[in-house]
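Chemist: Can you read through this structure? Questions will come right after.
The values are calculated or read from the model by the stated rules, or taken from the named source; none is laboratory data. The structure displayed is predicted, hence computed values, not measured ones. Neighbour counts are summed over all protein chains in view; Cβ atoms, including those assigned to glycine, are modelled from backbone coordinates with ideal geometry.
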Amino acid sequence: MTVALPRVLDRAELPVDTAELARFLIGKRVVRTLAEGVAGGRVVETEAYGIGDPAGHAYRGITPRIRTLFLERGHAYVYLAYGISFMLNVSSEMPGVGAGVLIRAIEPTDGIAIMARNRGTERVRDLARGPGRLCAALGIDRRLDGIDLCQAGPLWLGSDDQASGDIGQGKRIGITRAADSPLRFYVRGNRFVSGPQSLNR
DNA sequence: TTGGCGATTGGCT
DNA sequence: GCCAATCGCCAAT
């Protein structure tokens with residue numbers, strides 16, 4: 001089943017601060033347009049990698065790979081982690097400043113059959129629970145690095161279609177530097193959020 | 001030119 | 001819970 005498509009988010013709506021943007025994106029929609037149809041869902045988990053963050057990829061300055069993290073807020077930064085999984089980030093600050101928000105999980109709403117095929121599983125809960133799974137489900141790779149997410153196209157951000165629920169905040173997952181900063185945001189109790197249950201209450 | 005490493009995942013114990 | 005898979009990047013040689 002497919003829900004009516006949301007409105008494309010306007011860049012002016014996006015908070016400039018990285019942590020604020022990470023919280024703002026909870027409940028928004030990620031929409032992927034593929035040859036087979038539209039796929040996507042509601043954002044239920046994000047992490048902020050802000051200015052001067054030792055865990056952020058931009059910490060050591062700009063390089064060719066992370067160039068898109070320095071684009072004006074609302075652009076995609078896609079990279080390959082562990083040689084296995086792609087990660088989708090939303091650039092989050094003013095042009096020339098390197099920072100972003102990692103989209104860690106979405107609650108599938110559209111194109112579930114497409115995502116199931118891309119993921120090789122029928123279990124809806126497992127389609128996009130985790131940043132690598134999310135990219136696999138939506139067919140996101142480096143070809144989408146740098147695209148504008150505030151414009152209708154192959155991948156874009158849409159408005160809320162319902163209240164996002166109670167938002168929790170806690171430590172980020174899977175990092176070693178600055179590991180204790182509470183920069184992860186999630187919908188409390190939502191079963192499409194990744195990580196152990198103990199972190200999602 | 002090279003070696004160590006990482007914002008993960010899935011399978012096995 | 002533990003661990004291997006897998007590869008692009010980049011700091012250091």
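Chemist: Checking the condition within 16 Å of DNA strand C (Cβ to nearest atom) and of a type in the set (Asp, Glu), which residue from A:ASP53, A:ASP17 passes?
Modeler: A:ASP53
Chemist: For the range A:30-55, give me each residue that is assigned to a loop (DSSP other than H, G, I, E, B) and more than 15 Å from the chain's Cα centre (by Cα).
Modeler: Correct list: A:ALA35, A:GLU36, A:ILE51, A:GLY52, A:ASP53, A:PRO54, A:ALA55.
Chemist: Is it true that some residue in the range A:139-159 is in contact with a strand residue (DSSP E or B) (Cβ under 7 Å, 6 or more places away or on another chain) and farther than 22 Å from A:GLU72 by Cα?
Modeler: Scanning the range A:139-159, I find at least one residue that is in contact with a strand residue (DSSP E or B) (Cβ under 7 Å, 6 or more places away or on another chain) and farther than 22 Å from A:GLU72 by Cα, so the answer is yes.
Chemist: Which of the residues that make up the range A:115-143 are over 13 Å from the mean Cα position of the chain (by Cα), within 16 Å of DNA strand C (Cβ to nearest atom) and aliphatic (A, V, I, L, M)?
Modeler: Result: no residue meets the conditions.
Chemist: Right, another one. For residues that are touching a strand residue (DSSP E or B) at 6+ places or on another chain (Cβ under 6 Å), of a type outside the set (Gly, Ala, Ser) and over 13 Å from A:GLY146 (Cα atoms), scanning just the range A:47-86, find the one that is farthest from DNA strand B (Cβ to nearest atom).
Modeler: Only one residue tops the list, namely A:PHE86.
Chemist: Looking at the range A:162-180, I want the residues that are within 18 Å of A:GLY27 (Cβ to Cβ) and have a partner that is within 15 Å of DNA strand C (Cβ to nearest atom) with Cβ atoms under 7 Å, at least 6 apart or on another chain. Which pairs are those?
Modeler: A:GLY168/A:ASN200; A:GLY170/A:LEU199
Chemist: Among residues belonging to the range A:15-29 that are of a type in the set (Gly, Ala, Ser) and in a helix (DSSP H, G or I), point out the one that is surrounded by the most Cβ atoms within 10 Å (Cβ to Cβ).
Modeler: Only one residue fits best here, namely A:ALA22.
Chemist: Return yes when A:ARG67 is within 16 Å of DNA strand C (Cβ to nearest atom), under 20 Å from A:ILE140 (Cβ atoms) and at pLDDT 95 or above and no when it is not.
Modeler: Yes; evaluated as a whole, the condition is true for this residue.
Chemist: Here is a list: A:LEU21, A:LEU14. Which entry is out of contact with any His (no Cβ under 9 Å at 6 or more places or on another chain), within 19 Å of A:GLY158 (Cα to Cα) and more than 16 Å from DNA strand B (Cβ to nearest atom)?
Modeler: A:LEU14
Chemist: If you don't mind, another one. Taking the options A:GLY100, A:GLY41, A:GLY37, A:GLY56, name whichever one is of a type outside the set (Val, Ile, Thr) and surrounded by fewer than 22 Cβ atoms within 10 Å (Cβ to Cβ).
Modeler: So the residue among A:GLY100, A:GLY41, A:GLY37, A:GLY56 that is of a type outside the set (Val, Ile, Thr) and surrounded by fewer than 22 Cβ atoms within 10 Å (Cβ to Cβ) is A:GLY37.
Chemist: Which of the residues spanning the range A:80-97 are surrounded by fewer than 19 Cβ atoms within 10 Å (Cβ to Cβ) and within 15 Å of DNA strand C (Cβ to nearest atom)?
Modeler: A:LEU80, A:ALA81, A:TYR82, A:GLY83, A:ILE84, A:SER85
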